[in-house]
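Down below is the structure, laid out as C-alpha cells.
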Ligand SMILES: Cc1ncc(COP(=O)(O)O)c(C=O)c1O
Ligand SMILES: Cc1ncc(COP(=O)(O)O)c(C=O)c1O
C-alpha cells in the first residue's frame, strides 16, 4: 500500500487515455497485459503528433530547417535512451524496429563475419565448426529462432540451460555448458512468462572467462528501469519500445562502441554507408552503420519521450509499486484452489509478470471469462513454447503489471478467476 | 492549371498541418522534398492517435477485446494496402520497417536458401558460383548495398545497366546483361534522382525468359499510385510508407504467394513460427513467416489510413496534378542560365522529382539560400552516388512534388535559384 | 455475462465435457496433426473413408484433442456431423461452417446443414477464438484430402486402361 | 536574409573564392582523403611536419578540396591557421574550432586563437552544415596523427637505446 500512495497511481492513470475505456460494452478496462505491450501516456502520443504536425522531415540528409529539427529530435532521442540505460556514449545505441530485429542483427552480423565480411577486425566474431552458442529454455522465441537460423547457416551448435521446476535457470551444469567452444551466450534478463530475473553478472563472468560474448534480452527489464549497462555485465543488450510506454516500431540494440565497430553491417542501404561504388561500399561508423534506410524516426522520438516519462515518474517508485502489486497478486492467487503459479512464488528476484494454470480450465477459456469482465490478460505459450514444454504445461494465463495498475485491478483478476471456476463448474 | 483546379489543392493543403508552418522565422514553408519523405495528412495522424488512445494492444496473441481490435486494424491495413497496389490477395503483402528492409529481406532470404535453408522448395532461389545479379547504375543505395553484401556472402557476381547521358537506362546491352546466369534483376520503377520511369515490363519479360526473378524498388512510384502489381511484371515489389503520406517505420514487400511460400524466413522470432522446439522450429505461412516479433502495428494501421487518403483524393487526379507541376517546373527551370537538369528534360516517362546543378553554386550552398527563403529541397547525392558519378556530377539539388504542392511553390523555387545566383555572384 | 453465454452455449459445454467420437481408432486412411501456433493447442486426427455408391464417404473420424472448450466442442460436433456423409456433402458442411465462423456474428446459420455446429455461431464474434473452432475442421479437411489422394494413387486408372 | 549573411560572411566568401594554400604539394609526410557521406564532398589533404626546438610543428598543409563554400573556406582558414604552429598548438586551435562548431551559435569565439575561423561561427547554427566546416579539419587531424606515428616509428627509440 505504501508504494501505491508514494506513486500517486490515480494521477498516473490520467496520463493514459486508454485506461478510461470501457470494453465489452460496459466494463471498465483492467489492463493486465503490459508484458505483451504497454499502454502509452499522453506525453508520448502528443510527441508523435507534434513531430508529424510540426517537424516531420527525413534526417541526416536534409539541409532545410525541418530536416535539422527532425535530425535533432531523432539524435536527441538516442541521447535520452542512452541516459536511461546508463550508456557511456549515445553512439552505443542502435535503433531497430523491435528487440527481435536487434537480436537478429547480432546473429546476422556474426553470420556475415563468418562468411568473411568485416575483414580482420571481425575475426573475433567468426564462427568455426564445433563452436557453440548457448541460450536457455526460458527464452522468448525471439531469442531462440535467430540462433537456430544462425546455427543452421554456419554449422555452429546450439546448446541451452534448462529450468528448474520452480522456474529458475538450472545452473548446475554451467561450467560444462559454457566452455572453450562457447562463442555467444544469449539469455533473457527477466523471463516474460515466469518473471524470473536471471543472474546475468554471474553468467557473464563465466562467459567472459572463456571469451564468449553475452547478449541479454532485456525486453522485460528495461521497461521497469532495471538495466544499467555499466553494471549488468552484458556485451550486447536488446530491448523494445512498445513495452516501455513507447510507440510500436522501435527497438534498441546497445553494445560497447568497440564491439559495434568490429561487427560487420547487417541491413544495407541508404544512411549506413560512407561511400558507395557499384563494385563495393564502405560503411559509416556505429551506430549509423546499423541503421539502413529511413529509420523509424517519429518512433525513436516517441521512445525518447517514453524514457523521459519513466524517468520523471521515477524508476525507483515504479519498481516499488510493481513489487507491491506483485506481492499482493502472489498472495491472492495462492488462495485460489487448483491454481498453480509457474515460476517463483515469492517476490524475490522476479518481476511483475505472473503466469499460472487453473485446473480444469483451459487458458483460452479462462481469459475469455476475464475479458468478459474487462480484465485483459494473455493466454497461450506467450512465445515461450519450449519453456511451457519444460514445465509440463501446454499453455498458461499471464497477468502482468506496470506503473498504472492498482490493487483493485489485481482483485478484479482474482474475482474473475473464481468466477470462471464457477462458470466452468470446477469449483 | 486544369489539374490544379480539378484537384482542389487548397482543400488538400488544409489536411496537412505542417504546411501552415513558418520556417526560419517568418517564411511560410515551401516543402519540395517529398521524394525524401512526404508530409502527413491529419487523417493519418488522427488514426495513430486513435489507435494509441483507444485500441492499442499486441496483435495475434491476445484474447481480449483490445487485442481483437488491434489485430483487426492491423490486418485491415494489410487489405487496404493490397487493394491500393492491386494485389490478388492480402497474404501477398508483408510489412517491413521500410523499403530498405524489404529489399534486404529478399537478399537475405536468397542468401539463406543458398546456405541450405528452406529445403527443396527453396531450390530455385539458391545461388551457385557464377550466378549473376543485375541492378542498375541509377539505383538508390538501398537497392545496391544489399546485393553487394549478398554477392560478398555467396560469391555471386553483381552486374548493372548503365545510364545514358539523358538519364535513361542504357538498354543496348540488355540481352547480354540478362543472360542464362542471371538469377535476380533488381531495379527502381522510378528514379529518385532523375524521375525516370523505367520500362519494367520489357525488362521483366527478358528476365523471365532466362528464369530470373525481378524485384522492383517502387519507393518512388507507389506514392503516386503508379503501381498495379498485376500488370507491372515484377515478381517482388518493395515500397515505403513515409513517402506516401504514411508514418515512418513501415514498409512493404509484395510478392506472389507461391514465391513467398518458397522463400526461407529472414528474421526469426515471435509470431513468424508455427512450432518451436529448442532443436528446431517450423514456420507460419506467408505473410506472417516474414513478420518476426511485434510489428510496427500502429504504423501499419497508419499506412492503411494513408492509402485510404490517397484513394479518396484519387490517384488519377494526383497524377494529373503532379504532371502539371512537373511541366511547369521543367519549363521554368529551363529558363535559368547555368542550370542543368539531370535526367529527362521532357515530362514523358518521368515523375515529379527534378534534380539539377547550377553552375558555380554547390548544391549545399544553393539549398541553404532556398532554405533561407522557406523552400525545402534536398542537396547531395540523394543516396545515389554511383548515378551522380555516372552523370559526371558530384552532387545535385532536387525538388520533388506531391499532391499538396502548387504552381506558386514552383515559382518560389525558381525565384530562390535566381536569388542564389545573385548572392553568389554567378549571374 | 450475456456475451459469454452466447459463446459458451449449453451444447458447447456438453460437447466439450463429453466429446463424441473422441480417441484414436484403427484402421485409418490418413492421419494429421495440426497445431494452433498462438496457444499450442493441438489435434491429432484420423480419417477412414468408405465407398458409398461409387462416391467416397466418411466411414470414421477419430481424434485426440488438446485444447480449450471451443476447440474440443468443435471437433466433437464436426466428427458427429461428417461421419456417414459422402465426402462432397461433408465438404459442403465444412465450407458452410467456415463461412459461419467468418461472419462476425451476422450470419443466420442453417441448422439443417450445421446441426449442433450452429451452437458455435457465437465464436464468430470473437476473432481470436475462430482458430480454436476451426482447428478440428481444418485437420479433417487436410486428412481427407490426403486420404483421397492415396485412394487415387491406389485406384486403377480408368483412363489409362482405355488406351 | 539576415541568417544567410551570418553564415556566408564576407571572409568566408573570400576564402571560398580564393582558398589559401590550396593544391597538392610534395614532399609530404602523410596524405588522407576524407568524404562527407551526405553530399559526396571530399578533400585530399597532405601534411608535412618539421622539427621546432624538438617539438613537431606543421611545415605545410596542402589540399585539394571538392565541396561547398563552407567546406572550401574552412579548409583554407584551417591551413592558414595551422601552418607554422607546433602540432600541439595547432591541435588546441582545432579543438577550439570543433567546440565552436558544436556551440549552436552560443559561443563567444576567441579571435586571438581562431583568427579568420571566427567568421565560420555562424555555421554552428546550421547543424546540417557542421560536417562541411569540419571536413578539412578532420582530415588535417587524421593526416597529422598518421605523420606523427610514422615519425615515431622512424625515430630512434630513446628508451630502448638506454637499455
Ligand atoms: C528509389 C528509392 N529506393 C529506396 C529508398 C529507401 O527508402 P527507405 O529509406 O524508406 O528504406 C528511397 C528513399 O529513400 C528511394 O527513393
Ligand atoms: C523477453 C522477451 N524477448 C523478446 C520479446 C520480443 O519483443 P518484440 O516483439 O518487441 O521484438 C518479448 C516480447 O514480445 C519478450 O518478452
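Rule-based calculations on the coordinates, nothing more; no lab input. Small disclaimer: the values here were computed from a predicted structure and weren't measured. So basically every Cβ, Gly included, is an ideal-geometry build from the backbone, and we count neighbours across all protein chains shown.
Among C:150, C:31, C:96, whose mean-square fluctuation peaks in a Gaussian network model of chain C (Cα, cutoff 10 Å)?
Sorting by GNM fluctuation, first place goes to C:150.
Over all alpha-carbon pairs in the stretch C:48-123, figure out the percentage whose distance exceeds 13 Å. Can you show the working numbers first?
On the way: 1898 of 2850 pairs.
Of all Cα-Cα pairs in the stretch C:48-123, 67 percent lie more than 13 Å apart.
Report, for the stretch B:47-311, the % of DSSP beta bridges that are antiparallel, rounded to 5.
Values: 14 of 30 bridges.
Roughly 45 percent of the beta bridges in the stretch B:47-311 run antiparallel, per DSSP.
Can you give the Rg and Dmax of the stretch A:228-292 based on its C-alpha atoms, in angstrom?
14.2, 44
Springs between alpha-carbon pairs under 10 angstrom, Gaussian network model over chain C: which of C:40, C:99, C:23 fluctuates most?
C:40
Using only the Cα atoms of the stretch B:285-427, construct the convex hull and provide its projected area averaged over every direction, in square nanometres to one decimal. Don't skip to the end; give the middle numbers.
Numbers: hull surface 46.2 nm².
So the mean shadow area of the Cα hull is 11.6 nm².
So how long is each side of the stretch A:165-320 along the principal axes, counting just the alpha-carbon atoms, biggest first, in Å?
55, 44, 24
List the equivalent ellipsoid semi-axes of the protein assembly as shown in whole Å, largest first, each obtained as the square root of 5λ for an eigenvalue λ of the Cα gyration tensor.
On the way: eigenvalues 590, 246, 181 Å².
Values for the protein assembly as shown, descending: 54, 35, 30 Å.
State the antiparallel share, in %, of DSSP beta bridges confined to the protein assembly as shown, rounding to the nearest 5. Don't jump to the answer; show the numbers that get you there.
Working: 98 of 138 bridges.
Rounded to the nearest five, the antiparallel share is 70 percent.
Relative to the other copies, what are the label-point distances for residue A:331, with labels 7 Å from Cα along the C-beta vector, expressed in nm at one decimal and sorted shortest first?
Ordered by distance, the counterparts are at 8.1 nm.
Which number comes out as Rg/Rh for the stretch A:82-196 once both Rg and the Kirkwood Rh are worked out on C-alpha atoms? Don't skip to the end; give the middle numbers.
Working: Rg = 15.3 Å, Rh = 15.5 Å.
Reported Rg/Rh, Kirkwood definition of Rh: 0.99.
Suppose only helical runs count, i.e. DSSP H with n ≥ 4. What mean residue ellipticity at 222 nm does that imply for the protein assembly as shown under -39500 (n - 2.57) per run, divided by all residues and rounded to the nearest 500 deg cm²/dmol? Can you show the working numbers first?
On the way: 44 runs with 482 residues, N = 1180.
Mean residue ellipticity at 222 nm (helix-derived): -12500 deg cm²/dmol.
Sorted from largest to smallest, which semi-axis lengths in Å does the alpha carbon gyration tensor of the stretch C:2-150 give for its equivalent ellipsoid, taking the root of 5 times each eigenvalue?
Numbers: eigenvalues 118, 56, 34 Å².
Equivalent-ellipsoid dimensions as semi-axes: 24, 17, 13 Å.
Mind checking Rg over Rh on the stretch B:312-372, alpha carbons, Kirkwood formula for Rh?
1.05
Please report, for the Cα atoms of chain B, the Rg to one decimal and the Dmax as a whole number; what are they, in angstrom?
Calculated on Cα positions, Rg and Dmax stand at 22.2, 72 Å.
Distance between Cα centroids, the stretch B:41-86 to the stretch A:112-156: provide it in whole Å.
Cα centroid to Cα centroid, the span is 35 Å.
Using only the alpha carbons of the stretch B:1-128, what is the convex hull's orientation-averaged projected area in square nanometres? Working shown, then result.
Working: hull surface 55.8 nm².
About 13.9 nm², averaged over all directions.
Which residue fluctuates most in the GNM of chain A (Cα springs below 10 Å): A:44, A:375, A:210?
A:210
Determine the distance separating the Cα centre of the stretch B:336-367 from the Cα centre of the stretch B:255-325; give it in Å without decimals.
35 Å
Rg and Dmax in Å for the stretch B:130-187, alpha carbons only: what are they?
11.3, 35
Please work out the Cα convex hull volume for the stretch A:286-329 and give it in Å³ per residue.
Details: hull volume 5.1 nm³, N = 44.
It comes to 117 Å³ per residue, whole-number rounded.
Order by neighbour count: A:68, C:55, A:176, fewest other Cβ atoms within 10 Å first, most last.
Values: A:68 21, C:55 11, A:176 8.
Arranged by neighbour count, lowest to highest, A:68, C:55, A:176 become A:176, C:55, A:68.
How big is the convex hull of the Cα atoms of the stretch C:28-78, per residue, in Å³? Show your work: numbers first, answer last.
Working: hull volume 3.8 nm³, N = 51.
Hull volume over Cα atoms, normalised by residue count, gives 74 Å³.
Can you quote the Å³ per residue value for the convex hull of the Cα atoms in the stretch A:239-339, rounded to an integer? Please list the in-between numbers first.
Values: hull volume 16.4 nm³, N = 101.
Given the Cα convex hull of the stretch A:239-339, per-residue volume reads 163 Å³.
Sorting A:313, A:30 on the 10 Å Cβ count, fewest up front, what's the list? Before the final figure, lay out the partial values.
Working: A:313 21, A:30 26.
If I rank by nearby Cβ atoms, fewest first, I get A:313, A:30.
Using Cβ counts within 10 Å as a stand-in for footprinting exposure, how do A:401, A:95 rank, fewest first? Don't skip to the end; give the middle numbers.
Values: A:401 29, A:95 26.
Starting with the residue having the fewest Cβ neighbours, the order is A:95, A:401.
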